[in-house]
Amino acid sequence: MTHHDDPFARTYNTACEWLATVAQALGTRDRRFTYRVLRAWLHVLRDRLTVEAAAHFAAQLPELLRGTFYDGWVPSKQPQRFSVEECITRVSTEATVRRADVRQVIGGVTTGMRELLSTGALDHALDQLPKDLRELFTGAQLPATPLPAEPGLADQLRGVRDDVELLADAVATLARGLAENSASPPLGERGAEAARTVKRIMLARQS
């Protein structure tokens, strides 16, 4: 099947374009992170709207994101009542971001969605929210610094750096031992420890 024969190609491409716009507003290139944040944003907005207002807003979304919007929706329970703090908790949990970052990411998504939706569509939906929630969605500015591509990435990078340093030291020790002594056993206790360090790190990387 060629690209032109794929009935879902245009739908997929449109969703990717929307995701890219939101990612730019968030200051990240991580599409999975962007999607998690956007999904959480859509769900908390949806659940605070009336059924009629939610349907009107959903009509503005591309098909794939409309499916995301309606995923898990229970019309008989709408609109739900929750505070700003409860909203922050929901977004933090669903998007797996720190509570301290929630206002920033909500503001970033709002900025991106404002570029994508037809004029007035977003404001019409946000006008349905209580003042404090509306300010949560609209009050945050664009991120001053890029958000992490993935929660925990800094820790992962530090771990890789530490492993590289251990490997470099271990390899240097092995090299010195080989150069200085050709007798058996050539490396002594320090060399043996270096060899064990190399083996441990390599096994960990393969798991």
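The values are calculated or read from the model by the stated rules, or taken from the named source; none is laboratory data. Note that the coordinates shown come from a computational prediction; the quantities given were computed from them, not determined experimentally. When we count neighbours, we look across all protein chains shown, and the Cβ atoms used for this are built from the backbone with ideal geometry, even at glycine. Side chains are part of the model used for accessible areas, which takes the heavy atoms of the whole protein and leaves out ligands, DNA and RNA. Shrake-Rupley method; radii C 1.70, N 1.55, O 1.52, S 1.80 Å.
Just the residues that are of a type in the set (Asp, Glu) and under 15 Å from residue 38 (Cβ atoms), please, taken from region 71-94. I'd like the intermediate steps shown before the answer.
In the first step, residues of region 71-94 are kept if they are of a type in the set (Asp, Glu); the result is 71, 85-86, 94.
Selection gives 71, 94.
In region 65-88, the residues that are touching a residue at least 12 places away in the same chain (Cβ under 8 Å) reach residues that are open to solvent by less than 80 Å² (accessible area, probe 1.4 Å) and assigned to a loop (DSSP other than H, G, I, E, B) with C-beta atoms within less than 8 angstrom, at least six apart or across chains, in these pairs: 69/61; 78/49; 78/50; 79/49; 79/50. Against the numbered list (1) in a helix (DSSP H, G or I); (2) in contact with a Phe, Trp or Tyr (Cβ under 9 Å, 6 or more places away or on another chain); (3) surrounded by 20 or more Cβ atoms within 10 Å (Cβ to Cβ), residue 97 comes up short only at (1). A residue that is modelled with pLDDT under 95 and among the small types (Gly, Ala, Ser) occurs nowhere in region 28-51. Restricting region 20-51 to residues that are in a helix (DSSP H, G or I) and more than 19 Å from the chain's Cα centre (by Cα), the residue that is surrounded by the fewest Cβ atoms within 10 Å (Cβ to Cβ) is 51. In the set (1) open to solvent by 10 Å² or more (accessible area, probe 1.4 Å); (2) under 18 Å from residue 134 (Cα atoms); (3) outside any loop (DSSP other than H, G, I, E, B), residue 119 fails one condition alone, (3). For residue 114, the test of being open to solvent by 40 Å² or more (accessible area, probe 1.4 Å), part of a loop (DSSP other than H, G, I, E, B), of a type outside the set (Asp, Glu) and closer than 15 Å to residue 134 by Cα is failed. If a residue must be among the β-branched types (Val, Ile, Thr) and either open to solvent by 60 Å² or more (accessible area, probe 1.4 Å) or part of a loop (DSSP other than H, G, I, E, B) (or both), how many such residues does region 52-85 contain? Result for region 52-85: 1.
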